[in-house]
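Peer 1: Structure in structure tokens, see below.
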Amino acid sequence: MAAPTSEPLTQEAALHTATQAGTALGLAVAGRRVLGPVGANASVPLPKEGLVLRITARHSADRVRRELDVAGWLDTAGVPAVRPARSAPLEIGGLLVSVWHQVAEPRMATSAELSAALRRLHATPPPQDIVLPQLEPLRGVDHYLHTATGISGDARSYLHTRLHELRRAYQDLQPGLAPGPVHGDAYRRNFARTPDGEIVAMDLERVSHWPAGMGPGRRRRLPRPGLVHRRGLHRLRPRLRPRRPGLAGLRHPGRHPRPTDDHLARRLHRPRTLPLQ
């Protein structure tokens, strides 16, 4: 019997579902394990098959099918990306299982490699037969806050308020790219370098269309989220310290006081301009 799907996806549920999917598809599941943390999805490599099972809740069926379609579009467009081994997901006890070819001997992309891969993706003409969703960087955060454990009610309330503030600030961003496709989750861990030097895009579920409802003349300013621990402020002192005062200042040090932690903290928490890439 499949693990219940009313509960958040766990490693145990992912491994159980992977076993059932392997049986249904005639795949060897020996040596299976959950790759990385479990969130809205779980990835379970099957080393004897050279495949990866990606397990997702059934209510995300449209997103799973779109991810498979996006992989096919990128392959046709000549953009290196993970390749599906099946064109449609398999349903196992209320969970969806998509099957992907495993990237051979992957190494996490460097920042320069990531930049080159993103430029190539951004220059790719949008697909004609796939409707890419508008980019929503904060999509799904409500679910994470709702299911988070180990935080107080006050902390949860603060995070919901902060999420609302960030969503409003996002609507005031000025586009920094021409309209077109973006990865949507462009971190180094989502791009792998293969032994032949190819940079492969992975985790395609958030591939989207940019920009999302942003008009010209909008601001590109976001408040800096979070707090900076004071023990880390000493690392920023050289950058924020006033210029050397010269001999007059050395004779009268009170004219150029050393910045305090409170002063540095206030400067660090001011709104800043974020360069969009």
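Peer 1: Among residues belonging to the stretch 84-132 that are in contact with a Ser or Thr (Cβ under 9 Å, 6 or more places away or on another chain) and among the basic types (Lys, Arg), point out the one that is nearest to Asp62 (Cα to Cα).
Peer 2: This residue is Arg86.
Peer 1: Taking the stated definitions as given, is Ile151 under 30 Å from Leu25 (Cβ atoms) and not acidic (Asp, Glu)?
Peer 2: In short, no.
Peer 1: Could you please give the count of residues in the stretch 129-179 that are outside any helix (DSSP H, G or I), within 22 Å of Asn41 (Cα to Cα) and among the hydroxyl-bearing types (Ser, Thr, Tyr)?
Peer 2: 1
Peer 1: Ala186: of a type in the set (Gly, Ala, Ser), touching a residue at least 24 places away in the same chain (Cβ under 8 Å) and under 30 Å from Thr19 (Cβ atoms), yes or no?
Peer 2: no
Peer 1: Going by the structure shown, is Arg58 more than 20 Å from Pro126 (Cβ to Cβ), charged (D, E, K, R) and at pLDDT 95 or above? Reasoning before the result, please.
Peer 2: Working: more than 20 Å from Pro126 (Cβ to Cβ): yes; charged (D, E, K, R): yes; at pLDDT 95 or above: no.
Against the criterion (more than 20 Å from Pro126 (Cβ to Cβ), charged (D, E, K, R) and at pLDDT 95 or above), Arg58 does not qualify.
Peer 1: Quick check on this structure: which one of Ala57, Ala112 is under 19 Å from the mean Cα position of the chain (by Cα) and surrounded by fewer than 14 Cβ atoms within 10 Å (Cβ to Cβ)? Let's see the steps before the verdict.
Peer 2: Values: Ala57 fails: surrounded by fewer than 14 Cβ atoms within 10 Å (Cβ to Cβ).
After applying the criteria, what remains is Ala112.
Peer 1: While we're here: What number of residues within the stretch 28-78 are of a type in the set (Lys, Arg) and assigned to a helix (DSSP H, G or I)?
Peer 2: Taking the stretch 28-78 first, the residues of a type in the set (Lys, Arg) are 32-33, 48, 54, 58, 63, 65-66.
Checking the rest, the ones that are also assigned to a helix (DSSP H, G or I) come to 58, 63, 65-66.
Matching residues across the stretch 28-78 total 4.
Peer 1: With the requirement that a residue be of a type outside the set (D, E, K, R) and touching a residue at least 40 places away in the same chain (Cβ under 8 Å), what does the stretch 132-162 give you?
Peer 2: Those that are of a type outside the set (D, E, K, R) and touching a residue at least 40 places away in the same chain (Cβ under 8 Å): Leu132, Pro133, Gln134, Leu135, Pro137, Gly140, His143, Tyr144, Thr147.
Peer 1: Residues Ala109, Ala85, Ala81, Ala71: which one is among the small types (Gly, Ala, Ser), touching a residue at least 24 places away in the same chain (Cβ under 8 Å) and out of contact with any helix residue (DSSP H, G or I) (no Cβ under 8 Å at 6 or more places or on another chain)?
Peer 2: Values: Ala109 fails: out of contact with any helix residue (DSSP H, G or I) (no Cβ under 8 Å at 6 or more places or on another chain); Ala81 fails: out of contact with any helix residue (DSSP H, G or I) (no Cβ under 8 Å at 6 or more places or on another chain); Ala71 fails: out of contact with any helix residue (DSSP H, G or I) (no Cβ under 8 Å at 6 or more places or on another chain).
Being among the small types (Gly, Ala, Ser), touching a residue at least 24 places away in the same chain (Cβ under 8 Å) and out of contact with any helix residue (DSSP H, G or I) (no Cβ under 8 Å at 6 or more places or on another chain) holds for just one of Ala109, Ala85, Ala81, Ala71, which is Ala85.
Peer 1: Now a separate question. Is it the case that some residue within the stretch 79-95 is part of a strand (DSSP E or B), at pLDDT below 95 and either crowded, with 19+ Cβ neighbours inside 10 Å or touching a Lys or Arg at 6+ places or on another chain (Cβ under 6 Å) (or both)?
Peer 2: yes
Peer 1: A further question follows. Provide a single number: the residues in the stretch 173-192 that are in contact with a Pro (Cβ under 7 Å, 6 or more places away or on another chain) and either modelled with pLDDT of 90 or more or under 14 Å from Thr110 (Cα atoms) (or both).
Peer 2: Residues in the stretch 173-192 being in contact with a Pro (Cβ under 7 Å, 6 or more places away or on another chain) and either modelled with pLDDT of 90 or more or under 14 Å from Thr110 (Cα atoms) (or both): 3 in total.
The values are calculated or read from the model by the stated rules, or taken from the named source; none is laboratory data. Here the structure is a predicted model, which means the values were calculated and not measured. Methodologically, a virtual Cβ is constructed for each residue, glycine included, from the backbone with ideal geometry; neighbour enumeration extends over all protein chains shown.
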